[in-house]
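Participant: Below are the structure tokens for one structure; questions will follow.
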Amino acid sequence: MSDEQAIEIKERKTICLRYDHLLLQNILIRDEAELMQVVPNNINFNTKIQYRCKCGSLNIKTISAMFKLGCVCKKCILPIKMSKKEATSLERYGVKSTASLESNKIKRKETCMAKYGVDNASKCQEIKDKISQYMIKRHAAQRAALNPICENTKK
Ligand SMILES: [Zn+2]
């Protein structure tokens, strides 16, 4: 995408966004996507467009979703989402994931202590029993390793 196109898209976003053919074209160029249908003359933010993601998979999105979230498929958006999440977390808390914050670890333990009387849910007898019941109901064995089917797969 050229700088002009980037500015065009940015200006449209900040001033007044018109979901027209020009914007659609710019979005497709921005995300290296390919249009897979004939676009009707009258389009708006809610017009669904079929496109091919740069990975090759076919998708349908509204033009506003294409603009805001990008012309990518569910698979391709995952790394983008994750990096955005990590960037936000790094900016706000200085760590990639808030789960690794010491204060959150303490809070998790406190919550578990208050709810179950132990610092980790896997130490709670009530939860152990629930897991056992589920395993018996679903797999006919208290633990997966005791299931005859699993026994046969052991080396
Ligand atoms: Zn893709």
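Participant: Limited to the stretch 85-105, what total is found for residues that are of a type outside the set (S, T, N, Q) and surrounded by 11 or more Cβ atoms within 10 Å (Cβ to Cβ)?
Facilitator: Residues flagged as of a type outside the set (S, T, N, Q) and surrounded by 11 or more Cβ atoms within 10 Å (Cβ to Cβ) within the stretch 85-105 amount to 9.
Participant: Among ASN46, ASN26, which is the only one that is outside any helix (DSSP H, G or I) and away from the ligand (no atom under 13 Å from the Cβ)?
Facilitator: Matching residue, one of ASN46, ASN26: ASN46.
Participant: Considering the stretch 49-64 alone, what residues qualify as being part of a strand (DSSP E or B) and farther than 20 Å from HIS21 by Cβ?
Facilitator: Within the stretch 49-64, the first condition is being part of a strand (DSSP E or B), and the residues that meet it are 49-52, 58-62.
Correct list: LEU58 only.
Yes/no matrix, rows are residues, columns are (1) hydrophobic (A, V, I, L, M, F, W, C); (2) within 12 Å of the ligand (Cβ to nearest atom); (3) not assigned by TED's automatic domain parsing to the domain that holds ASN120:
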| position | (1), (2), (3) |
| --- | --- |
| ILE60 | yes, no, yes |
| ALA65 | yes, no, yes |
| LEU69 | yes, no, yes |
| LYS96 | no, no, yes |
| ARG108 | no, no, no |
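Participant: Next question, about the same structure. Please tell me if CYS112 is hydrophobic (A, V, I, L, M, F, W, C) and in contact (Cβ under 8 Å) with a residue 40 or more places away in the chain.
Facilitator: No.
Participant: Here's something else I'd like to know. Does ILE127 count as part of a helix (DSSP H, G or I), more than 17 Å from LEU24 (Cα to Cα), hydrophobic (A, V, I, L, M, F, W, C) and in contact with a helix residue (DSSP H, G or I) (Cβ under 6 Å, 6 or more places away or on another chain)?
Facilitator: When the stated conditions are applied, ILE127 passes them.
Participant: Another question, if that's okay. Can you list residue pairs whose Cβ atoms sit under 6 Å apart, with the first residue in the stretch 65-91 being part of a helix (DSSP H, G or I) and the second being within 10 Å of the ligand (Cβ to nearest atom)? Count only pairs 6 or more apart in sequence or on different chains.
Facilitator: Once the first residue is part of a helix (DSSP H, G or I) and sits in the stretch 65-91, its partners that are within 10 Å of the ligand (Cβ to nearest atom) give CYS76/CYS53; CYS76/CYS55.
Participant: Right, here's the next one. Please state which of the following conditions ASN41 fails to meet, knowing it meets all the rest: (1) surrounded by 11 or more Cβ atoms within 10 Å (Cβ to Cβ); (2) at pLDDT below 95.
Facilitator: So the condition that ASN41 fails would be (1).
The values are calculated or read from the model by the stated rules, or taken from the named source; none is laboratory data. Please read these numbers as outputs of a predicted model, since none were measured by experiment. Cβ: placed from backbone, ideal geometry, glycine included. Neighbour counts: every protein chain shown.
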